[in-house]
Amino acid sequence: AQTVTQSQPEMSVQEAETVTLSCTYDTSENNYYLFWYKQPPSRQMILVIRQEAYKQQNATENRFSVNFQKAAKSFSLKISDSQLGDTAMYFCALTGFGEYGNKLVFGAGTILRVKS
Amino acid sequence: NAGVTQTPKFRILKIGQSMTLQCTQDMNHNYMYWYRQDPGMGLKLIYYSVGAGITDKGEVPNGYNVSRSTTEDFPLRLELAAPSQTSVYFCASTPGQGNYGYTFGSGTRLTVV
């Protein structure tokens, strides 16, 4: 089975500071993708960033970057220069190929609160 | 380009009632999914489909049924609603295997009383 674990139920950060959200996962597949999704109070699921497992270079999207450690099965999200609009639930997710098809498996989420 | 459209956005059901949650996508995506999200939790897969006429169970299928008669539509049927089915339901789609990303609908908040 594929599993995703987010060990931080809640986090808070001051505006303009940097915060890192943790995610670990387990899969038996060699080729897979990892994602971070943001869910604001509107409950819309918004893709933040994605990482292809066979790429060693960490993905970056503006203020969002990841630290992908394949051997450790770790996929953390760093948010730089935090903004009030970053306040949301953040989900780490994994999808593979093979027997798991294209099913997206989610972690339990981390609530991030950005304080002014 | 509407993406993934879910209806209704909110619904209150009485125990034992039935209803269908509608999901339509206009992107010609082959893969479609139904997830449920309980309060403060992640999304759990109910059912999925890899193309018209093909459906399969996910992690939490009990109490639900689906059909996929067309590429565009993937309705989720709740029979004999129970309080345990109170949740937010999301429909999602993706073109196929690979790093295409997933498009989510805006969700349906269902309360069973």
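The values are calculated or read from the model by the stated rules, or taken from the named source; none is laboratory data. Remember, it's a predicted structure, so these values are computed and weren't measured experimentally. Note that we place each Cβ from the backbone using ideal geometry, even for glycine, and neighbour counts take in every protein chain shown. Protein only, heavy atoms only, side chains kept; ligands, DNA and RNA dropped before computing areas. Shrake-Rupley method; radii C 1.70, N 1.55, O 1.52, S 1.80 Å.
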Check: Checking A:R50 against (1) over 27 Å from B:V88 (Cα atoms); (2) open to solvent by 70 Å² or more (accessible area, probe 1.4 Å), which single condition isn't satisfied?
Finding: (1)
Check: With (1) under 30 Å from B:S49 (Cα atoms); (2) buried (at least 16 other Cβ atoms within 10 Å of the Cβ); (3) within 14 Å of chain B (Cβ to nearest Cβ) as the list, and A:K73 as the residue in question, which single condition is left unmet?
Finding: (3)
Note to self: So in region B:9-31, with the set limited to residues that are within 14 Å of chain A (Cβ to nearest Cβ) and assigned to a loop (DSSP other than H, G, I, E, B), which one is surrounded by the most Cβ atoms within 10 Å (Cβ to Cβ)?
What the structure shows: B:H29
Item checked: Single residue of A:P9, A:P40 found to be open to solvent by 20 Å² or more (accessible area, probe 1.4 Å) and at the interface with chain B (Cβ under 9 Å from one of its Cβ atoms) -> A:P9
Note to self: Take A:R43 and tell me if it is assigned to a strand (DSSP E or B) and modelled with pLDDT under 95.
What the structure shows: no
Notebook entry, point to check: Filter region B:32-50 for residues that are at the interface with chain A (Cβ under 10 Å from one of its Cβ atoms) and part of a strand (DSSP E or B); which is farthest from A:P9 (Cα to Cα)?
Noted result: B:V50
Next item on the list: Identify all residues within region B:51-72 that are in a loop (DSSP other than H, G, I, E, B) and among the aliphatic types (A, V, I, L, M); write none if there are none.
Entry: B:A52, B:V60
Next item on the list: Name every residue in region B:51-73 that is open to solvent by less than 70 Å² (accessible area, probe 1.4 Å) and within 14 Å of chain A (Cβ to nearest Cβ), in order of residue number.
Entry: B:G51, B:T55, B:G58, B:V60, B:P61
Notebook entry, point to check: Taking region B:36-50 as the region of interest, how many residues are out of contact with any Gly (no Cβ under 8 Å at 6 or more places or on another chain), open to solvent by less than 20 Å² (accessible area, probe 1.4 Å) and of a type outside the set (A, V, I, L, M, F, W, C)?
Noted result: 1
Check: Does A:A72 meet the test of being in a loop (DSSP other than H, G, I, E, B) and not basic (K, R)?
Finding: yes
Note to self: If I go through region A:12-33 residue by residue, how many of them are assigned to a strand (DSSP E or B), out of contact with any Asp or Glu (no Cβ under 8 Å at 6 or more places or on another chain) and within 12 Å of chain B (Cβ to nearest Cβ)?
What the structure shows: 1
Next item on the list: Mind counting the residues in region B:75-113 that are within 14 Å of chain A (Cβ to nearest Cβ) and in a loop (DSSP other than H, G, I, E, B)?
Entry: 11
